[in-house]
Structures are given as structure tokens and as C-alpha cells.
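The values are calculated or read from the model by the stated rules, or taken from the named source; none is laboratory data. Since we're looking at a predicted model, the values are computed, not measured. Glycine gets a Cβ as well: all are built from the backbone with ideal geometry, and neighbour counts include every protein chain shown.
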Amino acid sequence: MSSPKVEAVFVAPGNGGTAEIAHNLDIEPTDFPRLLAAVESNGIDLVVVGPEAPLAAGIVDEFQSRCIPVFGPSRAAAQLEASKSFARHLMEKYAIPCAQGRSFTSYPEAKAYLQKQSLPLVIKADGLAAGKGVSICTTMIEAESALSRIMESRVFGSAGASVVIEECLVGQEMSYLAFTDGNTILPMPPACDYKRVFDGNNGPNTGGMGAYCPPPFFTPHMAAQLNATVMYPIVRALADEGITYRGVIYAGLMLTDSGPRVLEFNARFGDPETQVIIPRLKTDLVDIMLHVIDGSLDKINIEWADTNCVAVVMASGGYPEEYKKGVTISGLADINPEATVFHAGTKISHNGRVVTTGGRVLSITGCGHSLDEARRKVYENINCISFNGAHYRRDIALFTEEQ
């Protein structure tokens, strides 16, 4: 909103937070005809695609065919996130470091392979599963149950038509994002997020319960290594396959004793990492996006503030399993200006109150000269907000001596 190039922002479908700073459009992100009509009727000059589902469905291709400037990868490029099997095949073909494993479309074949493997194992639904399609299994009973739930019970729908079974890598997880126009890559500061729902990295996986940026252990040498072994190779690999990748490319990494390994790729900004990365951006984001679209990313220099950011997610009771919706949220007006509240699963109810609509409801972000200062700002302010069943982790960016 601070870009001098922006006169108005429209968000589809939006939430309780965007309702205060933009124009919400009651349109689902995969309803292309209505989105196209809204772009034309509102004179929208730039479309930015956030979620993975419309990217995988080809929204960029659709808008480009109408000569509408749109930021995000094409349907072919978005396969990097939409199909873990596609990503695995590409990494194996072009020698991009990743976990050892195999893809399967047959449940009996997958089960037979599974029973011959050493534990622990990671089992992934091939398609989009809102960050919940990955199971880390420490026993064969857990592994067989996860495989059955994905391929037989189809708990993730068509995303479970095939699976990837991988070795369980050990190390420090990190997210590394970059802008790319298919030739130039401009990395963002890395971030670390917390996937498990409870303190101490306990409980089931989620879409992310918090994050911090930058990691204290990250060095310029690591950046050079990741650019040379992961980021440039994957963009070039796609190009060699006839696919130009333009947008944000997100590498989920495990930093092991034998070097970095790719856990997954996303074809977009991911959250909660974005909430701790973008607050550090000093360059106009619109300018960056336009250069990506034009294929001229080499013409811009991106500047980042020398600050630290921490974000903590407030989730609905029961998340990541079943949870109630329509729960009234209170205390949002009591937040100190030193913290920022990003809305996710919220909306404005008929009586004007902000209520919950999703599992991950809010993300409270603070920035400071150190991670400790940023963390303090978050936890001092998160206590101002309440809703029935709300829960959040209390150990985000809290490091042990070993770490």
C-alpha cells in the first residue's frame, strides 16, 4: 500500500484485515471468469496471485492470454509445487540435492516398497494439501496408516492419487525464497518456520505456526552455495524443459551435515515466512513485480533493512484438525503500533465484528534490532488478542544453548 504506484487494492476474496485497507471482492481465487470481469470493471492494472490452487489451475496463463499483467508462474511452472513427483523427477534429472525416495501411483506397490525401508520415513501426498499432506513416520504402523489415509481413504482428495516416499533428513530446516524472471534470480533473506502445532516441535504438521528472519546461523557462503546448487539449477532445469519460471520461487530446505537438501518447492510466497521477510523490504515491491513480468529483473537492485523479524500464528481450537468458525475475536484495537497483525482466517460478520473463518487465524509480527527484541514485541502484544479456543506456540525464535 505504500507504493506511490498504487492507487487502490482489490483482494479476492479477502478477509477481515484486508477489508480495512483494501476493497474485498466476494470471488473465489479459482473463479477465473468472475475474476477477469472484476479486473476489467475495476480497471486493475496488475494482478498478483497469492494462493497455490489458482496457480496450479492456470490463472496466469488465462490472464496473460487477455494481455493482463499478472505476477506468478504459469501452470506448467507451478507444477513445481502442485506435483511433488514432478519436482522430484526434475531434481533427480538435473542433480539438484534432495532426499532419496520414490514416487508411486499404485497403493500396493507403494506399500510393498514402504515395508522394505528403514525408519523414520516421510510420506507425502503428491498434490496440493494445504501444507498438511506430509507425514513423518517413526514406526511402520504410522507409515502404513499414513499411506492408507492418503491413497485409500483419499483424505486429501485427488492430491493423494500418487505419493512420494522419502528418507527422513536430519538437520536445520530453512526457507529460501527468491524473485526470478526465468533468467535472473534475486534471493530474499532466509527464514525459519515452525511446522508442528505444539511447543517443542510436538504434534501434527501444520501450514506453519510461526517464523523468524534472519536465521543467526546463515552466512554469505551459505547463500552462494544455495544459489549455485539449488536456485539457479532449478530455474535452468525448468528452462531446459521448455518452461520459463517467473514469480517467487520458494525452496524448503534441510541443512544437513552433508550439505543442503531440498524438501519441497513452492511456487509463491509462503506464510508465515512472508510475514517476517517482506517487512524488511525497502525496495518498492510493485517495481520488483513489474520487472519480473517484463523479464528485466537484472535492471533492479533490491535493498533490505538490517532488522530482525518474528511472527507467531494464533490458531483456532482444534487446528490442524476440526475447528469451529465464526468465533468472535477481541482485542485487535489494543495492539501496540510496534507490532503488526496479519489476518488469515478472518472475516467481518454481519454485525461488524471480526470473527474466525479458518484454522490459522492471525499472525502477529514484530521487528527489532535483534530477534530477542522482535520476539518480545510479539509476545507482549499477542496477549491483547483473544478468542475462544485460541492457541499459539510460545517457543517461536526461542533458542536453546545447543541451537
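Things to note:
- For the range 192-213, a residue qualifies if it is closer than 21 Å to residue 372 by Cα and in contact with a strand residue (DSSP E or B) (Cβ under 8 Å, 6 or more places away or on another chain), and the qualifying residues are 192, 193, 194, 195, 208, 209, 210, 211, 212, 213.
- Of the candidates 130, 143, the single residue that is assigned to a helix (DSSP H, G or I), of a type in the set (A, V, I, L, M) and not assigned by TED's automatic domain parsing to the domain that holds residue 244 is 143.
- Every residue from the range 329-344 that is assigned to a loop (DSSP other than H, G, I, E, B), in contact with a Phe, Trp or Tyr (Cβ under 9 Å, 6 or more places away or on another chain) and not aliphatic (A, V, I, L, M): 331
- Any hit, the range 93-100, residues being more than 26 Å from residue 179 (Cα to Cα), in contact (Cβ under 8 Å) with a residue 40 or more places away in the chain and surrounded by fewer than 17 Cβ atoms within 10 Å (Cβ to Cβ): yes
- Selection count where residues are under 16 Å from residue 243 (Cα atoms) and not in a helix (DSSP H, G or I), scope the range 72-110: 5
- Residues (on the phi > 0 side of the Ramachandran plot and hydrophobic (A, V, I, L, M, F, W, C)) located in the range 96-155: 130
- For residue 271: the one exception among (1) buried (at least 16 other Cβ atoms within 10 Å of the Cβ); (2) modelled with pLDDT under 95; (3) over 20 Å from residue 179 (Cα atoms); (4) not basic (Lys, Arg): (3)
- Scanning the range 1-51 for residues that are part of a helix (DSSP H, G or I) and within 24 Å of residue 327 (Cα to Cα) yields a total of 4.
- Some residue of the range 297-312 being in a helix (DSSP H, G or I), surrounded by fewer than 17 Cβ atoms within 10 Å (Cβ to Cβ) and not polar (S, T, N, Q): yes
- Checking 292, 262 one by one, the residue that is touching a helix residue (DSSP H, G or I) at 6+ places or on another chain (Cβ under 9 Å), at negative phi and crowded, with 21+ Cβ neighbours inside 10 Å is 262 and no other.
- Among the residues of the range 131-143, at least one is closer than 28 Å to residue 238 by Cα, of a type in the set (A, V, I, L, M) and in contact with a strand residue (DSSP E or B) (Cβ under 9 Å, 6 or more places away or on another chain).
- Selection of the range 189-224 for residues being at positive phi and free of Cβ contacts under 8 Å to residues at least 12 places away in the same chain yields 201, 203.
- Of the numbered criteria (1) out of contact with any helix residue (DSSP H, G or I) (no Cβ under 8 Å at 6 or more places or on another chain); (2) within 20 Å of residue 309 (Cβ to Cβ), the one residue 240 fails is (2).
- Scope the range 348-359; condition outside any loop (DSSP other than H, G, I, E, B) and surrounded by 21 or more Cβ atoms within 10 Å (Cβ to Cβ); matching residues: 354, 356
- Those residues of the range 62-83 which are surrounded by fewer than 17 Cβ atoms within 10 Å (Cβ to Cβ) and of a type in the set (D, E, K, R), in sequence order: 66
- Only one of 263, 186, 255 that is over 27 Å from residue 59 (Cβ atoms), touching a residue at least 60 places away in the same chain (Cβ under 8 Å) and assigned to a strand (DSSP E or B): 255
- Candidate set from the range 270-296 (those that are more than 30 Å from residue 67 (Cβ to Cβ) and in a helix (DSSP H, G or I)); member that is nearest to the chain's Cα centre (by Cα): 273
- Number of the exception - residue 215 against (1) out of contact with any Cys (no Cβ under 8 Å at 6 or more places or on another chain); (2) modelled with pLDDT of 95 or more; (3) not charged (D, E, K, R): (1)
- Residue, nearest to the chain's Cα centre (by Cα), within the range 313-328, restricted to residues that are closer than 24 Å to residue 212 by Cβ and assigned to a loop (DSSP other than H, G, I, E, B): 320
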